[in-house]
Amino acid sequence: MTELAAGIRWLKLPIEVENSTLTHINVYLFRGDNGYLLVDAGWNTDSSFHTLHNYLVKNDLGFEDISQIVVTHAHPDHYGMAGRIARLSGAPVAMHPLEKDVIRPRYVNMEELLHKTEVMLAQNGMPRDEIAALRDASVGLERFVDAAEPDWLLREGDTVTTGEFTFRVLWTPGHSSGHLCLYEENRKILVSGDHILPKITPNVSVNPLAIENPLGRYLESLKQLKGLAVELVLPGHDEPFEKLGPRL
């Protein structure tokens with residue numbers, strides 16, 4: 001765990017999924033008057049859990065010191081352990097409504113989504129002998145997700161506050177339909193999730209649950225951030241960086 005600035009802690013949780021080119025997911029803790037805001041939660045694996053637990057203990061903290069959990073989007077590496085942490089801490093979990101809508105079809109009752117994916121691939125000319133592998137590409141990831149429903153829904157313009165930090169919610173669809181960024185205007189900090197990463201472009205793809213025209217929406221979401229005064233970007237992967245404008 002690294003203290004980036006007063007009241008801001010950054011922790012790398014491991015990614016151990018086969019064939020992943022990413023080694024870790026970033027989670028952030030922001031100090032508040034009544035505990036810490038946790039942004040993103042990592043995979044629901046024992047190694048992620050023990051990494052988080054051990055770092056909390058080493059810093060004289062416990063799960064009970066987490067008072068809020070915000071999930072930037074419901075992909076397994078950002079959402080997977082949120083339910084597990086919520087039960088230990090008693091903290092409410094928040095995300096965008098469009099991310100809530102994907103939880104059950106993606107992680108609980110997958111049959112309908114798999115059928116729709118197969119139909120979509122066939123309609124768009126995918127060779128028959130390749131359809132099954134692509135249809136089932138994410139099957140098995142559900143075991144790394146504690147599929148807890150959110151307690152609280154966040155929309156564009158909402159506020160998340162700890163007392164010490166006050167974030168404005170930015171809806172930035174593209175990488176996922178309900179992807180959120182958090183902007184702290186006074187500190188000039190942007191928590192960017194997977195919307196903006198320092199070295200790579202996030203995966204922007206079409207699936208039966210996706211918002212209409214996800215690539216177009218992603219490009220519009222990038223333009224939305226151009227006017228923000230930002231001195232520090234806290235991304236979901238790699239390392240925090242400073243120059244938002246050139247990266248956009």
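The values are calculated or read from the model by the stated rules, or taken from the named source; none is laboratory data. Because the structure is a prediction, the values reported are computed rather than measured. For neighbour counting, all protein chains shown are included, and Cβ atoms are generated from backbone atoms with ideal geometry for every residue, glycine included. For accessibility, only protein heavy atoms count, side chains too; no ligands or nucleic acids. Shrake-Rupley method; radii C 1.70, N 1.55, O 1.52, S 1.80 Å.
Using helices alone, what [θ] at 222 nm do you get for the chain, with -39,500 (n - 2.57) per DSSP H run of 4 or more residues, divided over all residues and rounded to the nearest 500?
Helix contribution divided over all residues of the chain: -8000 deg cm²/dmol.
Roughly speaking, what is the stretch gain from Thr159 to Ala229, that is 0.36 nm per residue apart minus the C-alpha to C-alpha distance, in nm to one decimal?
Stretched fully, the Thr159-Ala229 segment lengthens by 23.4 nm.
Send over a whole-number figure in Å² for the accessible area per residue of the stretch 177-216, probe 1.4 Å.
That works out to 44 Å² for each residue.
Mind scanning Lys12/Lys188; Lys58/Lys188; Lys12/Lys116 and naming the pairs with a C-alpha gap bigger than 32 Å? Don't jump to the answer; show the numbers that get you there.
Values: Lys12/Lys188 22 Å; Lys58/Lys188 29 Å; Lys12/Lys116 35 Å.
Over 32 Å Cα-Cα: Lys12/Lys116.
Given a Förster radius of 45 Å and the C-beta distance between Arg168 and Val108 as r, what FRET efficiency does 1/(1 + (r/R0)^6) yield to the nearest 0.05?
0.90
Packing-wise, with mean Cβ within 10 Å as the measure, how do 116-125, 83-92 rank, highest first?
Top of the packing list down: 83-92, 116-125.
In sequence order, what are the phi-derived ³J(HN,Hα) couplings for the stretch 182-199 according to the Karplus relation 6.51 cos²θ - 1.76 cosθ + 1.60 with θ = phi - 60°, rounded to whole Hz, with x for glycine and proline?
Working through the residues one at a time gives 10, 10, 9, 5, 5, 8, 6, 10, 10, 8, 9, x, 9, 5, 10, 10, x, 10 Hz.
Less than 11 Å from a label point 7 Å out along the Cα-to-Cβ axis of Leu134: which backbone N atoms in the stretch 198-227 qualify, by residue?
Flagged as within label range: 206-207.
With a Förster radius of 25 Å, plug the Cβ-Cβ distance of Val57 and Val17 into 1/(1 + (r/R0)^6) and report the FRET value to the nearest 0.05.
It comes to 0.45.
Which of Ser192, Ser177, Ser20 moves the most in a Gaussian network model of the chain with Cα springs under 10 Å?
Checking each option, the largest mean-square fluctuation is seen for Ser20.
How big is the shadow of the Cα convex hull of the stretch 31-97, averaged over all directions, in nm²? Mind dumping the intermediate values first?
Working: hull surface 17.1 nm².
The number I arrive at for the stretch 31-97 is 4.3 nm².
With point charges of +1 on the Cβ of Lys and Arg and -1 on the Cβ of Asp and Glu, referenced to the Cα centre of the stretch 9-116, which listed residue (His73, Leu29, Pro105) lies farthest in the positive direction of the dipole?
Toward the positive end, the furthest listed residue is Leu29.
How long is the gain from Ala147 to Val206 if the chain were fully straight, where each residue apart is worth 0.36 nm and the alpha carbon distance is subtracted?
This chain segment gains 19.0 nm when fully extended.
Grab the beta carbon distance between Asp46 and Asn213, set R0 = 41 Å, and tell me the FRET efficiency rounded to 0.05.
0.55
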